[in-house]
Ligand SMILES: NC(=O)c1ccc[n+]([C@@H]2O[C@H](COP(=O)([O-])OP(=O)(O)OC[C@H]3O[C@@H](n4cnc5c(N)ncnc54)[C@H](O)[C@@H]3O)[C@@H](O)[C@H]2O)c1
Ligand SMILES: [Zn+2]
């Protein structure tokens, strides 16, 4: 599938257990110029060494750079270490970075590639469900600052996204579920028949059946590609991808990023957005129930532990996506449709929190 962005267009390839098929897709990369595979130390064991061997057997001068995983290492310190390593390994302006792993290696490697020698090519090989359906497509890169997440970053589109759903087999259940939250999000904001597919195939999805995974990842990438092609830098409809995220980020921050992982917080955030929409007569109670039921039955949380609603609202107001201090909230208006609302009052929000 193609992400249409003029001279920055690129293809997303999706298959099962087909990593060697990456090689013929790399014929645009000169063999004379070095490749750096960037990953976290966990994925290095699972897939990094295999990728390194594959590249070398294909005649590339490749190296593997692994940094410790986790949000604490999604930092400028890691980027500095990686870019210094890139210099030492002889990467030049024609070199290529391969971002191998979940959203963290993807964001870090993409950012490093975007600033190294003012920007070099990179390829995304995502290995978590979240990265396969979300972070590997769209060109957002970035790292955290001590003051907050993703505060430093760039838009830098990859040259290719190569997805092998067999990576999902080894993913811990909680990481799998975090990706599913984003999957459900696409159904709600964009595609009612895909939402129906998720409702009807919960067992196969829960079992990570590769055929269903491929369909799921394909559909999500197609939606993201469509949204990004229409609004690369989030001036308009790309904001719909933030459904559940304003509530979710506030929950993550207030619980110190320990209680919920990203997808769990987003799942709760989607339920809160649906409740707010239903209460404001934007969404039917039937559609509200379908959203909540799907999230619940796929194994994601729908409620949060007690937090003062005033704290939640205060935290939401700090959202990066606020405009002039006014919250921009994505609310579902049906299954498959959603809108950004800039006029929801804090009083309305307070009424649906508990
Ligand atoms: N750029 C974007 O558009 C975008 C979009 C959404 C999220 N993000 C970012 O993505 C990050 C979260 O991504 P994530 O959830 O993939 O986190 P992650 O990269 O930390 O991966 C989660 C865990 O799974 C492990 N792992 C990865 N692949 C595995 C595999 N195949 N088998 C077993 N274990 C594996 C990792 O080592 C890690 O411990 C956040 O930092 C978020 O800000 C970016
Ligand atoms: Zn998200």
Quiz item: How far apart, in nm, are the 7 Å Cα→Cβ label points at residue 1 and residue 154?
Solution: 2.7 nm
Practice problem: Give me the number: length gained by fully extending residue 45 to residue 323, i.e. 0.36 nm times residue separation minus the C-alpha to C-alpha distance, one decimal in nm. | Solution: 95.8 nm
Quiz item: Say a paramagnetic label sat at a point 7 Å from the Cα of residue 314, along Cα to Cβ; which residues of region 322-354 have their backbone N under 19 Å from it?
Solution: 322, 325-327, 346-354
Quiz item: Using a Förster distance of 30 Å, how high is the FRET efficiency between residue 21 and residue 204, based on the Cβ-Cβ distance and rounded to 0.05?
Solution: 0.80
Practice problem: Just need the relative contact order of the chain here, percent rounded to a whole number, with Cα pairs under 8 Å and 6+ apart. | Solution: 15 percent
Quiz item: By count of other Cβ within 10 Å, fewest leading, how are 215, 245 ordered?
Solution: 215, 245
Quiz item: Using alpha-carbon positions, what is the distance between the centroids of region 338-353 and region 248-305, in Å?
Solution: 14 Å
Quiz item: Which whole number of Å³ per residue matches the convex hull of the alpha-carbon atoms in region 160-270?
Solution: 117 Å³
Practice problem: Please work out the C-alpha center-to-center distance from region 7-51 to region 55-102 and express it in whole Å. | Solution: 12 Å
Practice problem: Using all C-alpha to C-alpha distances in region 1-135, build P(r) with 10 Å bins and read off the rounded percent in each one. | Solution: 12, 46, 36, 5
Quiz item: How big is the C-alpha Rg of region 173-352 next to the rule-of-thumb value 2.2 N^0.38 Å, as a ratio?
Solution: 0.98
Quiz prompt | For 26, 213, order by how many other beta-carbon atoms lie within 10 Å, fewest first | solution = 26, 213
Exercise. Principal axes first, then extents: for the Cα atoms of the chain, list largest minus smallest coordinate on each axis, whole Å, largest first.
Key: 61, 41, 37
Practice problem: At 0.36 nm per residue, minus the direct Cα-Cα distance, what do residue 197 and residue 306 gain on full extension? Give it in nm, one decimal, please. | Solution: 35.9 nm
Practice problem: Among DSSP beta bridges whose residues both lie in the chain, state the antiparallel percentage, nearest 5. | Solution: 35 percent
Quiz item: What nm distance separates the two modelled labels at residue 351 and residue 280, each placed 7 Å from Cα along Cα→Cβ?
Solution: 1.1 nm
Quiz item: What full-extension length gain, to one decimal in nm, is calculated for residue 56 and residue 13 as 0.36 nm per residue of separation minus the Cα-Cα distance?
Solution: 13.3 nm
Quiz item: Where both residues lie in region 2-170, what percent of DSSP beta bridges are antiparallel, nearest 5?
Solution: 25 percent
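Bear in mind these aren't lab numbers, they're just calculated from the coordinates by the rules spelled out. If you're wondering where the values come from, they're calculated on a predicted model, not measured in any experiment. Neighbour counts are summed over all protein chains in view; Cβ atoms, including those assigned to glycine, are modelled from backbone coordinates with ideal geometry.
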